[in-house]
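What follows is one structure encoded as C-alpha cells, with my remarks underneath.
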Amino acid sequence: MIKYININHEKYGYDVLALFQSFYPQYSWQLVFPGCREQILQEAEKIGFFVKLNFEEGDNAPVRVLFTEDGEEITYPGGLGADIKEGFGNWLYDELKKRTGKGLPWGTLNGVRPTKLAYGRLCEGESDEEILGYYLNERRTSPEKAALALEIAKRERDILKNIDLTNGYSLYIGIPFCPTTCLYCSFTSYPIARFRKEADGYIDALIKELEATAEIMEGKAPETIYIGGGTPTTLDEGQLNRLLGKLEELFDLKKLSEFTVEAGRADSITGEKLEVLKAHNVSRISINPQTFNQETLDFIGRKASVQELLDIWPVAREIGFDNINMDIILGLPGEYIPEVEKTIEMVKELKPDSLTVHSLAIKRASRLSQWIAENGKEALKSSDEVMKIAMDGAKSLGLLPYYLYRQKNMSGNLENIGFAKPGKYGIYNILIMEELQNIVACGAGCVSKRVFYNNGHIEKIERCEDVKEVPLYCEKIDEMIERKKELFKRSQQ
Ligand code: SF4
C-alpha cells in the first residue's frame, strides 16, 4: 500500500522519507513536494496524505508535522542544533519511536557507510567513549550497532596500516556476464548464452581501456585488483587467460597485496578455469551459494545448484586456494529461521576463509521488485534474530567482522557484514566502502573514484562512469578512456 508524505522543503525530503520507510516498512512511500509531477499530486490528493511537514523559512526554524490519519499535530521548535538536518532528524526519530513503539538499530543513519563516521573519528584521535557517545546520542543507534561500528573501524585501520592510501591505487575490472539473471539482481549483467559472441569484443574493448589505464597510472603500481561483475568465470579459460595475461604485461604487480576474482556462481566454475586463475597468481576467490536451500535457488532463478557448489569447493581447495570467500543472503523469498540455520550449518561444514552476509536489498530495477508488488513486502522476512544466526555461525568459525555497508530498502533494515579469518580480509572491500584510496575501474557499468587528499585529509571525491550497455561500451571505449584521463591525470584543483 502506498502512503504519501507532503513536504514543503525538498532539501530534507530524502532523510524524512528514509525515516518513514524504516519505521513503517510495510508500506511503500512517496514524497510529494511543491513542483512535483501533476500526476503524483493528483494521486496523492485522491488517496490523502499520511503526514504533512511544513518547514518554516530559515535554517534552525520550527517545523510543523501533522499526521493526517489521526489528526495529531506536533511541532519541532527549531534551535535544537546548528544543523537542522541532525536536530530535526533526531527529534522526528524520537517522535516516530514513540508512535510506533520501536527503535531502529541504526537510528537516524540512513547512508551506505555507517562505519565511515567511526573510522574518521578514530583518525581524528577521538576516544572509544566519545565515538560510542556520538553514535548513541547524536545518531540514535542501538548500543550493539555503535559497538559493531567501532569494532569494525578499528579493525579496518589495522588492516590498512601497510596500504598507501594517498599515493597508491586499486584496480577494479567488471565482467558483465552471468549464466542467468537472478531475481534480485540490479547489476549490469547479461546472460552469457545469448552474449557469448559479444564476449570477445568486450574483452578487446576492456583490454584497450586497461592499456590506457596503465599509461594514465604510469609510475604507480596497483595495491589490490578485484575482478567482479557479473560473474567473471562465465568467461571461458581462453578468455580468462588472455585477460589475466594482459594484466601481468601491463601493470607492475610487485606491490599487490590482494588479487581477487569473484568466481561467484558455481555453475560457471570449472577446475580448468580455477587452474587458470591460480597460474596467474589470483590470491582470493569468492564462491557464493547465497543459500543452501535448493528450492530457493530454483525460485530466484539462480541456476547454480547446491550440488554444483559442493562439487567445486574441494576442487578449489585442492588447486591451492587458501583464501575463499562465500556470500550468503538473508531474507530471500520463502526463507526465515530454519532455512538460514540450514545454510549456516553448511557454511560451517565447508569452512570458508571469509563470509559476507548480505541482507536482501529490494532494487527497483530487479525482477524481485515486481514479485513484491504481486506478493506484498510481508512475504519477505528478515530480522535481528536471523542476522544473529549468521553472526554466531561466523564467530564459531573464528571469523571477525571487518567491513560493513548498507543499501536502500534492505530487508529487516539490517546491513551487509563481511567476516574473515585474521589475515584473510578482503582489503579491496574496505577500500571501496570507506572511500580511502583511488579506484580505477574498467568495464561496462564500472565507476572510478578519485580521492583527493590535502595534508593527509580527504578533501573531496570525484567519480567517472563507464556506460552500462555492453554494445555501447565497446562502441564508445575511446570516450570512456578520455573520461578516465580527465579524472586521474588532472592535478588537484
Ligand atoms: S550472479 Fe550476481 S550479477 Fe549475476 S545475475 Fe546473479 S546477482 Fe546478478
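Here are the numbers for this structure:
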{"read-out": "Contacts under 7 angstrom Cβ, first residue in segment 283-296 being under 30 Å from residue 223 (Cα atoms), partner in a loop (DSSP other than H, G, I, E, B) and within 16 Å of the ligand (Cβ to nearest atom), 6 or more apart", "value": "287/269; 288/265; 290/302"}
{"read-out": "Within segment 380-474, strands (runs of 3 or more DSSP E) holding 2 or more residues that are farther than 30 Å from residue 205 by Cβ and open to solvent by less than 20 Å² (accessible area, probe 1.4 Å)", "value": "400-405, 416-420"}
{"read-out": "Test set (1) within 23 Å of the chain's Cα centre (by Cα); (2) hydrophobic (A, V, I, L, M, F, W, C); (3) farther than 22 Å from residue 170 by Cβ; (4) within 14 Å of the ligand (Cβ to nearest atom) - residue 263 fails condition number", "value": "(3)"}
{"read-out": "Residues of segment 305-332 that turn out to be within 16 Å of the ligand (Cβ to nearest atom) and open to solvent by 10 Å² or more (accessible area, probe 1.4 Å), as a count", "value": "6"}
{"read-out": "Residues satisfying the stated conditions in segment 127-146, i.e. of a type in the set (Gly, Ala, Ser), part of a helix (DSSP H, G or I) and within 16 Å of residue 414 (Cβ to Cβ)", "value": "146"}
{"read-out": "Some residue of segment 108-130 being farther than 30 Å from residue 423 by Cα, open to solvent by 50 Å² or more (accessible area, probe 1.4 Å) and under 26 Å from the mean Cα position of the chain (by Cα)", "value": "yes"}
{"read-out": "Tally, over segment 319-343, of residues that are of a type outside the set (Ser, Thr, Tyr) and touching a strand residue (DSSP E or B) at 6+ places or on another chain (Cβ under 8 Å)", "value": "12"}
{"read-out": "Pick from segment 263-297, criterion open to solvent by less than 40 Å² (accessible area, probe 1.4 Å) and of a type in the set (D, E, K, R), ranking: nearest to residue 351 (Cα to Cα)", "value": "284"}
{"read-out": "Test result for residue 318, part of a helix (DSSP H, G or I), over 22 Å from the mean Cα position of the chain (by Cα), without any contact (Cβ under 8 Å) to a residue 24 or more places away in the chain and closer than 17 Å to residue 419 by Cβ", "value": "no"}
{"read-out": "Meets criteria (under 24 Å from residue 361 (Cβ atoms), hydrophobic (A, V, I, L, M, F, W, C), away from the ligand (no atom under 12 Å from the Cβ) and not in a helix (DSSP H, G or I)) for residue 152", "value": "no"}
{"read-out": "Filtered residue count, segment 121-150, keeping only those that are under 24 Å from residue 14 (Cα atoms) and small (Gly, Ala, Ser)", "value": "3"}
{"read-out": "Matching residues in segment 334-367 - criterion: being modelled with pLDDT under 95, of a type outside the set (D, E, K, R) and under 20 Å from the mean Cα position of the chain (by Cα)", "value": "358, 359, 360, 361, 362, 365, 366"}
{"read-out": "Long-range neighbours under 8 Å by Cβ, at least six apart or interchain, first residue touching a residue at least 24 places away in the same chain (Cβ under 8 Å) within segment 236-257, second among the acidic types (Asp, Glu) and buried (at least 18 other Cβ atoms within 10 Å of the Cβ)", "value": "255/223; 256/223; 257/223"}
{"read-out": "Residues that are within 14 Å of the ligand (Cβ to nearest atom), in contact with a helix residue (DSSP H, G or I) (Cβ under 8 Å, 6 or more places away or on another chain) and open to solvent by less than 10 Å² (accessible area, probe 1.4 Å), drawn from segment 155-206", "value": "175, 176, 177"}
{"read-out": "Pair list, Cβ under 7 Å, 6 or more apart: segment 1-23 residue over 24 Å from residue 374 (Cβ atoms), other residue of a type in the set (Val, Ile, Thr) and open to solvent by 30 Å² or more (accessible area, probe 1.4 Å)", "value": "23/100"}
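The values are calculated or read from the model by the stated rules, or taken from the named source; none is laboratory data. Bear in mind the structure is a predicted one, so any value in this text is a computation, not a measurement. Because the Cβ atoms are built from the backbone with ideal geometry, glycine has one as well, and the counts that use them run over all protein chains shown. Surface areas here come from the heavy atoms of the whole protein model, side chains and all, with no ligands, DNA or RNA. Shrake-Rupley method; radii C 1.70, N 1.55, O 1.52, S 1.80 Å.
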